[in-house]
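Notes follow the structure.
The values are calculated or read from the model by the stated rules, or taken from the named source; none is laboratory data. Since this is a predicted model, take the numbers as computed values, not measurements. When we count neighbours, we look across all protein chains shown, and the Cβ atoms used for this are built from the backbone with ideal geometry, even at glycine. Surface accessibility is based on the protein's heavy atoms, side chains included, excluding ligands, DNA and RNA. Shrake-Rupley method; radii C 1.70, N 1.55, O 1.52, S 1.80 Å.
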Amino acid sequence: MASAVLSLEGVEKGFSRGGEWTPVLADISLQLHAGEITAINAGRLQGKTTLLKIAAGIERPDKGTIHLQNQNITNIPDRHRSKLLGRQITWIDRDGPGLPIQTTRYVGWPLTLHGHKRRQAEAAAAQALTRVGAAKSATRHWNELSNHQRALVGLARAFIANPTIIIIDDLLDALGYQATEQTSDLLRTHIDQNNPHPAVLISTTDIESAIYADHIHHITERCTLYPPRRRGSEGKVIPFPARDAGGAHGIGAP
């Protein structure tokens, strides 16, 4: 197997409350490989988002090391970490942009970090939204989108700048079976069609959201990762035709 594009070794994270130390992650080791989906499955408040933020460079671990393509990035300055996050690593979550901006601007942000002009980035964003079947979401704001639409918009943004690593936090949960299957198929198809193939790390509360993951890790009550389970057989990749999704129940709102 090729060397990992991102590896975490012996990572620990916790916080102090009332003079007592509470561990969130304990001795976590994890590797991400190009072209593969790795899922972190855990309940609410069990540390999966913290683990993803450490992998993305948003948070620093208390202990342990992080290597990006064989480069130790554990203690690099914040300005360098932010450049990695914007250019080599793309982060997607349920919170979206956190600003009242149109979807095309949000999706095109990674391209502006690569030096594209805003108009070019938004034109590319409109095309990316069409490819995932979310063209009607282009002029809407994040709070106007259903969970399914947000997932599709997130995928459009994730792949637009061909990052090395894509990290998706909690975006694929609670979509319903049909929307989960469609979104997962799109994720797998985009990975296979992009060159080079990105490594993808996702967090899930519902195990069904990880149906196409190559590796599934579970965070235990001891804040460690349970040994991974590989996907037993290769799922069929289906390139979905472009169509718009929406609706309060995940299949479409006008």
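Key figures
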read-out: The chain, accessible surface, carbon-and-sulfur percent (1.4 angstrom probe); value: 50 percent
read-out: Pairwise FRET efficiency - Ile76 versus Phe15, Cβ, R0 = 25 Å, nearest 0.05; value: 0.60
read-out: Overall dimensions of the range 125-224 as given by Cα atoms, namely Rg and Dmax in Å; value: 13.9, 45
read-out: Amide H within-cut-off set for Leu201, under 5 Å, with H built and near neighbours excluded; value: Thr38, Ile166, Ile167, Ile168
read-out: Per residue value of the accessible surface for the chain (all protein chains in place, 1.4 Å probe), Å²; value: 49 Å²
read-out: 25 Å Cα-Cα threshold exceeded, pairs from Lys13/Lys83; Lys53/Lys117; Lys53/Lys136; Lys63/Lys83; Lys48/Lys136; value: Lys53/Lys117; Lys53/Lys136; Lys48/Lys136
read-out: Filtered trypsin sites (Lys or Arg not before Pro), the range 4-89: DSSP coil and at most 14 other beta carbons within 10 Å; value: Arg44
read-out: Whole-angstrom Cα spans of the chain along principal axes, big to small; value: 51, 43, 39
read-out: Contact order normalised by residue count of the chain, Cα under 8 Å, 6+ apart, percent; value: 25 percent
read-out: Cβ-derived FRET efficiency at R0 30 Å, Glu208 paired with Ala2, nearest 0.05; value: 0.55
read-out: Exposed-site-free run, longest, the chain (rule: GluC sites (Glu not before Pro); DSSP loop; at most 10 other C-beta within 10 Å); value: 1-220
read-out: Two-site FRET efficiency, Arg222 against Tyr177, from Cβ-Cβ distance with R₀ of 25 Å, rounded to 0.05; value: 0.20
read-out: The range 1-144 - convex hull of alpha carbons, volume per residue in Å³; value: 163 Å³
read-out: Computed label-point distance, nm, for sites Thr65 and Asp95 using a 7 Å Cα→Cβ extension; value: 3.1 nm
read-out: Cα Rg, Dmax, the range 14-90, angstrom units; value: 13.6, 44
read-out: Leading residue at positive end of dipole, the chain (Cβ point charges), from Trp21, His190, Ala161; value: Ala161
read-out: Residue-averaged [θ]222 nm for the chain, counting only DSSP H segments that reach four residues, each worth -39500 (n - 2.57); value: -9000 deg cm²/dmol
